[in-house]
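The values are calculated or read from the model by the stated rules, or taken from the named source; none is laboratory data. Keep in mind it's a predicted model, so treat the numbers as computed, not measured. Positions of Cβ are backbone-derived with ideal geometry, glycine not excepted, and every protein chain shown enters the neighbour counts. Remember, those area values only see protein heavy atoms, side chains included, never the ligands or the DNA or RNA. Shrake-Rupley method; radii C 1.70, N 1.55, O 1.52, S 1.80 Å.
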Amino acid sequence: MPLIDLRSDTITLPTPAMRKAMAEAELGDDVFGEDPTVRKLEELAARRMGKEAALLVASGTMGNLVCQMSHCGRGDEMILGDKSHIFYFEQGGSAAVGGIHSRTVPNQPDGTLLPDDIVSAIRTDDVHFPRTRLIVLENTHNLCGGSPLSPDYLRQVATIAAERGLRVHVDGARIFNAATALNVSPAELAAPADSISFCLSKGLAAPVGSVVCGSTEFIAGARRMRKVLGGGMRQSGIIAAAGIVALEQMVERLFEDHENARRLAKGLWGIKGLSVGDPGNVKTNIVYMELGAELPAPETARKLEEAGVRVLPAGPHRLRAVTHYGITKEDVDMALTAFRKIFQP
Ligand code: TLP
């Protein structure tokens, strides 16, 4: 029986249309600005996000770092959530590579930062302090259950930033999931941000790549940052070709992943020995499960794999399952059978 792989939406393989587009892509040297397919992707991405310009980068991590380094100089400070991907999962690249100081404030369970917490974290002009330059939000919020941040909330944070001369970056790795869940355009979610990065290689199923979007001036600076990080790619139209298919063909189907995630959460809800909270809180494609203190996550994940389903240990007693292209309703039901086998033998 094939394994049902729910570890991440990053494991999605390119579609046949992507492989064809990659094989046939018109190419040039993108460091010289001469790859027509990269230009086409960047124009398309900028349009979708309602921004002036865009830049193809190798990964979500690179996109976030390029943006942080474009907004902040060495020794500057950014305010971000204590459960943000940038703070948790990007090797501290902000500090290690960018020289940027992180000021964390607590992420609420819905992925937001309280406006009061943001305001209190902003530094005054004092010789002892670093200078606050940037506020970072994450949409959808990975560690907070894939929760989408609403346009109203984003505008509220953007107003706080604008009043104090700060910039806003949105780690929108899964921004199309957020837009789908909230039934708004990605441009509405991107509008309050000075920069947004999103991933082609997660739910949209492209093999490689993320895109950073912002003003023409911002993207010119980001292009320099990408180069210094070693991310100037040559015939990257090969990657961009799949990205164009991702944007044109893979966004509309994301609601299926959300339906499947809710189906999974509802099924898990009835299983003793793990807790998924209220399945109604599953708004996009990510489901977290809390295990009892006696059940270590890695060992439980191993047993589940033997029963036919792969999930990701996401803490000592926490597992994560992500639905994606390639996971059907039937796969979800088979996964639930595997869970019952392990938890209710
Ligand atoms: N997240 C991965 C893992 O790193 C946890 C995943 O499987 O979810 N921002 C957010 C919100 C992300 O979830 C990720 C990837 C990134 C940035 C980084 O993207 P990549 O992996 O392309 O560098």
Report Phe32's accessible area, 1.4 Å probe, all protein chains in place, as a number in Å² to the nearest 10. 150
Amide H contacts under 5 Å for Ser8, placed H, 5+ residues apart: Val322
From highest to lowest solvent-accessible area (probe 1.4 Å; ligands, DNA and RNA excluded), Met78, Met22 read Met22, Met78
Gained length - Ala220 relative to Arg47, 0.36 nm times residue gap less alpha-carbon distance: 60.6 nm
HN-Hα J in Hz across region 156-171 - Karplus 6.51, -1.76, 1.60, θ = phi - 60°, x for Gly and Pro: 4, 5, 4, 5, 4, 5, 4, 5, 10, x, 9, 9, 10, 10, 10, 7
Skipping prolines and chain starts, which residues have an amide H placed within reach, meaning under 5 Å, of the one on Ile196, given they are 5 or more residues away or on another chain? Val170, Cys213
What FRET efficiency, computed as 1/(1 + (r/R0)^6) with R0 = 22 Å and r the Cβ-Cβ distance, is obtained for Ala96 and Lys227, rounded to the nearest 0.05? 0.75
If the viscosity is 0.890 mPa s and the temperature 25 °C, what Stokes-Einstein diffusion coefficient in µm²/s follows for region 16-249 when Rh is the Kirkwood radius over Cα pairs? 139
Please calculate the 1.4 Å probe accessible area of Glu188, with all protein chains present, and give it to the nearest 10 Å². 70
Most mobile of Glu77, Glu163, Glu290 per a Gaussian network model of the chain (Cα springs, under 10 Å)? Glu163
Once both label points are put 7 Å beyond Cα along the C-beta direction, the Glu34-Arg131 separation in nm becomes 3.9
Degrees separating the helix 329-343 axis from the principal Cα axis of the chain, which is the longest one: 60
Rg/Rh of region 32-169 (Cα atoms, Kirkwood Rh), to two decimals, equals 0.98
Flagged as over-length at 30 Å C-alpha distance, from Lys40/Lys283; Lys83/Lys272; Lys51/Lys283; Lys40/Lys266, the pairs are Lys40/Lys283; Lys40/Lys266
Which of Thr337, Thr323 is most accessible, then next, and so on - probe 1.4 Å: Thr337, Thr323
Out of Pro115, Pro313, Pro192, a Gaussian network model of the chain with alpha-carbon springs under 10 Å gives the largest mean-square fluctuation to Pro115
Solvent-accessible ranking of Thr284, Thr61, largest area first, probe 1.4 Å: Thr61, Thr284
Testing the spin-label approximation: label points 7 Å from Cα along Cα→Cβ at Glu188 and Asp117. State their distance in nm. 2.6
How many angstrom lie between the C-alpha centres of region 309-329 and region 24-69? 30
Counting only residues 5 or more places away or on other chains, whose amide H sits under 5 Å from the amide H of Ser147 once H atoms are built in the peptide plane? His141
Just to verify a number: what accessible area does Ile11 come out at with the full protein assembly present, 1.4 Å probe, Å² rounded to tens? 60
Can you list the aspartates and glutamates whose alpha carbon sits under 12 Å from that of Lys329, skipping same-chain ones fewer than 8 residues off? Glu256, Asp257, Glu259
Share of antiparallel DSSP beta bridges in region 1-155, in percent to the nearest 5? 20
If you take every DSSP beta bridge whose two residues both sit in the chain, what share of them, in percent to the nearest 5, is antiparallel? 55
Working from the alpha-carbon coordinates of region 253-343, get Rg over Rh, Rh being the Kirkwood radius. 0.93
Gaussian network model of the chain, springs between alpha carbon atoms under 10 Å - residue of Leu229, Leu254, Leu137 with greatest fluctuation: Leu229
